[in-house]
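In what follows, a single structure is set out as structure tokens and then discussed.
The values are calculated or read from the model by the stated rules, or taken from the named source; none is laboratory data. The structure displayed is predicted, hence computed values, not measured ones. Heads up, the Cβs are rebuilt from the backbone with ideal geometry, glycines too, and the neighbour counts pull from every protein chain shown. Protein only, heavy atoms only, side chains kept; ligands, DNA and RNA dropped before computing areas. Shrake-Rupley method; radii C 1.70, N 1.55, O 1.52, S 1.80 Å.
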Amino acid sequence: MSESMNGLKRTKRCALFGSSDEGQKVTLMGWVQKKRNLGSLIFIDLRDVSGIIQVVFDENSTEKEVFEKANGLHSEYVIAVEGTIKKREGEVNKVLKTGEIEVEGKSLRILSESKTPPFPIERDIDTREELRLKYRYLDLRRPDIRDNIILKSRVMQLVRNFLTNEGFLEIETPMLTKSTPEGARDYLVPSRVHPGSFYALPQSPQLFKQLLMCSGYDRYMQIVRCFRDEDLRADRQPEFTQIDMELSFVDEEDVMDINERLLKYVWKEALGVDIKIPFKRIPYNEAMERYGSDKPDTRFGMELRDVSDTVRNTGFSVFTSAIDDGGSVRGINVKGQGGMGRKKIDKLTEYVRGIGAKGLAYIQLTAEGEIKSSFKKFLKDDEMADLIKAMDGENGDLLLFISDKNKMVFDILGSLRVKLGEDLGLIDEDEFDFLWVTDFPVFEWSEEEERYKAMHHPFTSPKDEDIDRLESDKGSVKAKAYDVVLNGVELGGGSVRIHRADVQESMLEALGFTMESAHEQFGFLLDAFSYGVPPHAGLAYGLDRMIMLMGKAKSIRDTIAFPKVKDASDLMSNAPSEVDEKQLKELWLTINNDGKAD
């Protein structure tokens, strides 16, 4: 039966005691992690957010009522214990921070009873994620999730401390904003007082932080919630937290410098890890050519090779037709895997087909010097020798090839390279490999929309020497943009912004806006540009993704207190849900009976 605290005050959290506290009388409160009854002794592992401490009730020195109450405890009961800190009898528990001590329990109150949880409140449990998320308030008690949440809080504090010392001001920007057509799909909020009109939840504070630069607040930061209505992946959520910053009177070098120092400070203070600065830099085109990705994992080799010229005039039509169609043939050399079995190669083929490839061509170079290949009969001996040489192939190697349009080749080989790196154990999981990717294109071609779109956003500044080509040669225009990448994951991205009204108008025109539509969507920004705007630049991090990498979590969901699943629903609260007719009428909305949009 539950009792009240009745004036009891907790001395401090469970895992904050140590051997120096021996002899201290304490009051502890928390959850029963585990009970062990050894006859005359009952051991309780008492847990709170700080960790676990062992409490022992001795039948020979504890009141009978207290001992019997301790014997009736079950996992997840919430209790208050009064007792004395003493050195642990027996072996020290090196796993626990409190492993040298225990509490000799003298009194016990059951503050709350608990049903049997649907899964163990333990680290690294093998339980379906759907069940864990349905009972997220229990899942949050588990040590691995708890550690991530605590790490996240710590990192936010460190970021604020560092940026405040660098002269940044934390300024809030609106949550109810104007919808814009570029970028991901907006979450819309209907207005009750403006019938038929909608707010959008912000995908980022981009426009507002640029306006703050216009307003003279030359160093802005914010740890802010953002929203994107897009398909989810392991490292994405519909609502997420962003570390956002903007600076005036700076260029790319200034932003990179301050962020390298920020990351060095955070990693040292939060993890005790020294990271080396400055970070290496790789231009976008080089990253794609070498790694097939604009967020390359450079902890291992297996770089891409372009062999288009080598196979251009061979008799293998799969290769030659891709080249004739404006594409390329590229490969990777999987060192030492020439003896890989056919079943494993077939699985690799299935994998690449699952991400859009038409197939996977291969050459196996056995340790004995034999050549086995899926296309050997289409190449002459000297052509095969030239191809192997172009790939630096040696006996014992496995050479894998993809032929298609360049974007497809990069995407597939880049993904295959990372998969093989993981499967073959080539990646040092304890390494933090930071780098900058620079010199991004301003535009990327959308096959779906058959037009150029902004690779980052329409406010990214082109390089000065490329501005004149915004209309005439969009594909060649480079941006003053930079992404910071960690272990093959984009940690954050930013750019120097356009601060001239004429260049911003030219950029919007290049993206297909008329001046009328540009001013309808972004008029407040364009108007602000006519009142004296400083050169400015910024960067934003995905905080949840950062914590996932720092804490080596399996999923971004393990770093968020109450995350969504792949269909953007909350299994615990059952959001989203239907609302009643009265609420809809107040918002001037009706729902189609067929559930389809008109």
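If I filter region 79-91 down to residues being touching a residue at least 60 places away in the same chain (Cβ under 8 Å) and under 44 Å from the mean Cα position of the chain (by Cα), which single residue comes out as surrounded by the fewest Cβ atoms within 10 Å (Cβ to Cβ)? Quick ask: steps written out before the conclusion?
Narrowing region 79-91 to residues touching a residue at least 60 places away in the same chain (Cβ under 8 Å): 80, 82, 84-87.
Checking which are under 44 Å from the mean Cα position of the chain (by Cα) leaves us with 80, 82, 85-87.
Values: Ala80: 21, Glu82: 17, Ile85: 22, Lys86: 16, Lys87: 11.
Among them, the one singled out is Lys87.
Of the numbered conditions (1) surrounded by 13 or more Cβ atoms within 10 Å (Cβ to Cβ); (2) within 19 Å of Phe410 (Cα to Cα), Gly326 fails exactly one; give the number of that condition. Every condition holds for Gly326 apart from (1). A search for C-beta distances below 8 Å between a residue of region 577-591 that is free of Cβ contacts under 8 Å to residues at least 12 places away in the same chain and closer than 23 Å to Asp567 by Cβ and any residue that is open to solvent by less than 80 Å² (accessible area, probe 1.4 Å) and part of a helix (DSSP H, G or I), counting only pairs 6+ apart in sequence or on different chains, returns Ile591/Leu584.
Within the set Gly105, Gly99, the sole residue that is open to solvent by less than 80 Å² (accessible area, probe 1.4 Å), in contact (Cβ under 8 Å) with a residue 60 or more places away in the chain and among the small types (Gly, Ala, Ser) turns out to be Gly105.
Can Gly538 be described as small (Gly, Ala, Ser), more than 14 Å from Gln210 (Cα to Cα), at pLDDT 85 or above and surrounded by 20 or more Cβ atoms within 10 Å (Cβ to Cβ)? I'd like the intermediate steps shown before the answer.
On the way: small (Gly, Ala, Ser): yes; more than 14 Å from Gln210 (Cα to Cα): no; at pLDDT 85 or above: yes; surrounded by 20 or more Cβ atoms within 10 Å (Cβ to Cβ): yes.
Taking the combined requirement at face value, the residue does not satisfy it.
Within region 128-135, is even one residue over 30 Å from Met245 (Cα atoms), among the basic types (Lys, Arg), open to solvent by 30 Å² or more (accessible area, probe 1.4 Å) and without any contact (Cβ under 8 Å) to a residue 12 or more places away in the chain? Yes.
Looking at Arg353, is it among the basic types (Lys, Arg), open to solvent by less than 20 Å² (accessible area, probe 1.4 Å) and under 26 Å from Lys295 (Cβ atoms)? So that I can check it myself, show each step before the final result.
Numbers: among the basic types (Lys, Arg): yes; open to solvent by less than 20 Å² (accessible area, probe 1.4 Å): no; under 26 Å from Lys295 (Cβ atoms): yes.
No: the conditions fail for Arg353.
In region 423-459, how many residues are assigned to a strand (DSSP E or B) and under 30 Å from Lys554 (Cα atoms)?
Restricting attention to region 423-459, the residues satisfying the condition of being assigned to a strand (DSSP E or B) are 434-438, 441, 443-446, 451-454.
Next, from what is left, pick out any that are under 30 Å from Lys554 (Cα atoms): 434-438.
Residues meeting the conditions: 5.
Name every residue in region 322-352 that is without any contact (Cβ under 8 Å) to a residue 60 or more places away in the chain and over 16 Å from Ser374 (Cα atoms), in order of residue number. Working first, answer last.
Residues of region 322-352 that are without any contact (Cβ under 8 Å) to a residue 60 or more places away in the chain, as a first pass: 324, 339-347, 349-350.
Result: Asp324, single match.
Evaluate the following for Arg141: is it closer than 30 Å to Ala70 by Cβ, of a type outside the set (Asp, Glu) and either open to solvent by 90 Å² or more (accessible area, probe 1.4 Å) or free of Cβ contacts under 8 Å to residues at least 40 places away in the same chain (or both)?
Working: closer than 30 Å to Ala70 by Cβ: yes; of a type outside the set (Asp, Glu): yes; either open to solvent by 90 Å² or more (accessible area, probe 1.4 Å) or free of Cβ contacts under 8 Å to residues at least 40 places away in the same chain (or both): no.
No.
Right, Gln521: in a helix (DSSP H, G or I), modelled with pLDDT under 95 and closer than 30 Å to Tyr452 by Cα or not? Reasoning before the result, please.
Details: in a helix (DSSP H, G or I): yes; modelled with pLDDT under 95: yes; closer than 30 Å to Tyr452 by Cα: yes.
Yes: the conditions hold for Gln521.
Tell me, please, whether a residue that is open to solvent by 20 Å² or more (accessible area, probe 1.4 Å) and within 21 Å of Tyr291 (Cβ to Cβ) can be found in region 366-385. There is no residue in region 366-385 that is open to solvent by 20 Å² or more (accessible area, probe 1.4 Å) and within 21 Å of Tyr291 (Cβ to Cβ). Look at region 496-517: where a residue is over 23 Å from Glu252 (Cα atoms) and at pLDDT below 90 and a partner is of a type outside the set (A, V, I, L, M, F, W, C) and open to solvent by less than 60 Å² (accessible area, probe 1.4 Å), sitting 6+ places away or on another chain with Cβ atoms under 6 Å, you get Leu511/Pro458. The residues of region 1-18 that are surrounded by 12 or more Cβ atoms within 10 Å (Cβ to Cβ) and not small (Gly, Ala, Ser), listed by number, are Glu3, Met5, Leu8, Arg10, Thr11, Lys12, Arg13, Cys14, Leu16, Phe17.
When the residues of region 460-487 are filtered to those that are in a strand (DSSP E or B) and hydroxyl-bearing (Ser, Thr, Tyr), the one that is nearest to Ala287 (Cα to Cα) is Tyr482.
Taking the condition of being open to solvent by 80 Å² or more (accessible area, probe 1.4 Å) and touching a helix residue (DSSP H, G or I) at 6+ places or on another chain (Cβ under 8 Å), how many residues in region 163-177 meet it?
Applying the first criterion (open to solvent by 80 Å² or more (accessible area, probe 1.4 Å)) to region 163-177 yields 164-165, 169-170, 172, 176.
Among the residues that remain, those that are also touching a helix residue (DSSP H, G or I) at 6+ places or on another chain (Cβ under 8 Å) are: 170.
So the answer is 1.
Return the only residue of Ser517, Ser446 being over 27 Å from Met256 (Cα atoms) and either of a type in the set (D, E, K, R) or over 33 Å from the mean Cα position of the chain (by Cα) (or both). Reasoning before the result, please.
On the way: Ser446 fails: either of a type in the set (D, E, K, R) or over 33 Å from the mean Cα position of the chain (by Cα) (or both).
So the residue among Ser517, Ser446 that is over 27 Å from Met256 (Cα atoms) and either of a type in the set (D, E, K, R) or over 33 Å from the mean Cα position of the chain (by Cα) (or both) is Ser517.
Within region 526-534, is there a residue that is in a loop (DSSP other than H, G, I, E, B), of a type in the set (D, E, K, R) and open to solvent by 10 Å² or more (accessible area, probe 1.4 Å)?
Going residue by residue through region 526-534, those that are in a loop (DSSP other than H, G, I, E, B) are 532-534.
Checking the rest, the ones that are also of a type in the set (D, E, K, R) come to none.
Checked region 526-534: no residue is in a loop (DSSP other than H, G, I, E, B), of a type in the set (D, E, K, R) and open to solvent by 10 Å² or more (accessible area, probe 1.4 Å).
Residue pairs whose Cβ atoms lie under 6 Å apart, sitting 6 or more positions apart in sequence or on different chains, and linking a residue in region 158-178 that is over 16 Å from Phe227 (Cα atoms) to a partner that is open to solvent by 50 Å² or more (accessible area, probe 1.4 Å), are Leu158/Glu269; Phe162/Tyr265; Gly167/Arg219; Phe168/Arg219; Leu169/Tyr217. Filtering Asp439, Asp404, Asp433 for residues that are surrounded by 17 or more Cβ atoms within 10 Å (Cβ to Cβ) and farther than 21 Å from Leu486 by Cβ leaves a single hit, Asp404. Selection of region 232-243 for residues being surrounded by fewer than 18 Cβ atoms within 10 Å (Cβ to Cβ) and either modelled with pLDDT of 95 or more or part of a strand (DSSP E or B) (or both) yields only Glu239.
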